[in-house]
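See below for the structure under consideration.
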Amino acid sequence: MNRFCFWVFIAVGPVLSPKAVLAQDTLPFKDAIRNFAESREGIENYELTLTINERGRPSRATNGVVNPAVDEPVVTLEIAADQTANRRLVAEYQLQDGANQLQRLQVRTPQFSILVQNAKGSISHPSNRRMDGHFDPLAFGIAPLGDMHRGSSLHKIAEFYMEWPSLESRVMADKTVRYGEDDGQSSYLLFLDPERGYSPVRLRDRTGNKGTFNVSLKLISKNGFWLPLSAVVEEPERTRTLQFDWRSINSDIDDRFDPQKIESKYGLNLRDKRLPATITESE
């Protein structure tokens, strides 16, 4: 799956005057980010199905011919994450000939790692390598995906943004709070909803000549937590529509990290590359 960045949608409607904004007593940027991270701290584990539809934008070739927009195969990510035990599973499917085909499976635990590609896979010793192309869905919406693709957790990303200088804030007509400024050349504009755990609902990130990246999110309340339900992500070359299906929050998901049950669920025969335990002389 290609790396992608975020899209922002500028709120329409009357903007409160600066005097009215001050009267709202908005939180400083770093406190708002801290509140957002803390609003999801109680999520110890989750299961999620994330469906991604990607459509390329029409492009003009050097000879002037316009190439039409192209729909990419629908990608589905099946994610199981245990925050407390540092365990994570990501299965990536592509829709081919009307059926979802497993393209890649990655599992990271303190005890072992699993990597499956092209129907071939193995189980090996624990690895600290990041899981390529994947990110923490709990952090979706506050940062360009370039930051998220480093494999950082919501906690780590929030720590990074809390070190930023204070950003200008403004209460919008829909009661969201906009943080950031637009100087005409570069901008980071983040819209947070104080009534829903300071969750992000819109973001625009624009730097230099790289173009503008925008994200617009809809939220859902799940087990008392506000989480992404759907999103539209736009960047210069493509548009992606994301649908989040939160299957469970804070349930028992130990089976998702049992090697035998992983083999059974995904129809695999994993090669065990772990070395046998060393036999001591006394044995």
### Complete set of residues in the stretch 166-177 that are in a loop (DSSP other than H, G, I, E, B) and either under 24 Å from the mean Cα position of the chain (by Cα) or modelled with pLDDT of 90 or more (or both)
167, 168, 172, 173, 174, 175, 176
#### Entry: Matching entry among 192, 229 (being under 18 Å from residue 141 (Cβ atoms), in contact (Cβ under 8 Å) with a residue 24 or more places away in the chain and either surrounded by fewer than 17 Cβ atoms within 10 Å (Cβ to Cβ) or touching a Pro at 6+ places or on another chain (Cβ under 7 Å) (or both))
192
### Message
Looking at the stretch 20-37, can you tell me whether even one residue there is outside any strand (DSSP E or B), modelled with pLDDT under 95, exposed (fewer than 15 other Cβ atoms within 10 Å of the Cβ) and touching a Lys or Arg at 6+ places or on another chain (Cβ under 8 Å)?
### Response
no
### Residue check, residue 116 closer than 22 Å to residue 228 by Cα, modelled with pLDDT of 90 or more and either within 22 Å of the chain's Cα centre (by Cα) or not β-branched (Val, Ile, Thr) (or both)
no
### Message
Going residue by residue through the stretch 228-236, is there one that turns out to be under 15 Å from the mean Cα position of the chain (by Cα) and hydroxyl-bearing (Ser, Thr, Tyr)?
### Response
yes
### Query
Could you say whether any residue in the stretch 249-257 is touching a helix residue (DSSP H, G or I) at 6+ places or on another chain (Cβ under 8 Å), farther than 24 Å from residue 179 by Cα, open to solvent by 20 Å² or more (accessible area, probe 1.4 Å) and among the charged types (D, E, K, R)?
yes
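Name the one entry in 122, 113 that is surrounded by 18 or more Cβ atoms within 10 Å (Cβ to Cβ), hydroxyl-bearing (Ser, Thr, Tyr) and closer than 15 Å to residue 272 by Cβ.
Only one candidate passes the filter, namely 113.
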### Query
Which of the residues spanning the stretch 133-152 are in contact with a helix residue (DSSP H, G or I) (Cβ under 7 Å, 6 or more places away or on another chain), at pLDDT 80 or above, in a loop (DSSP other than H, G, I, E, B) and not acidic (Asp, Glu)?
135, 142
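The values are calculated or read from the model by the stated rules, or taken from the named source; none is laboratory data. Computed from a predicted structure; not experimentally measured. Glycine also receives a Cβ, built like all others from the backbone with ideal geometry; neighbour counts cover every protein chain displayed. Remember, those area values only see protein heavy atoms, side chains included, never the ligands or the DNA or RNA. Shrake-Rupley method; radii C 1.70, N 1.55, O 1.52, S 1.80 Å.
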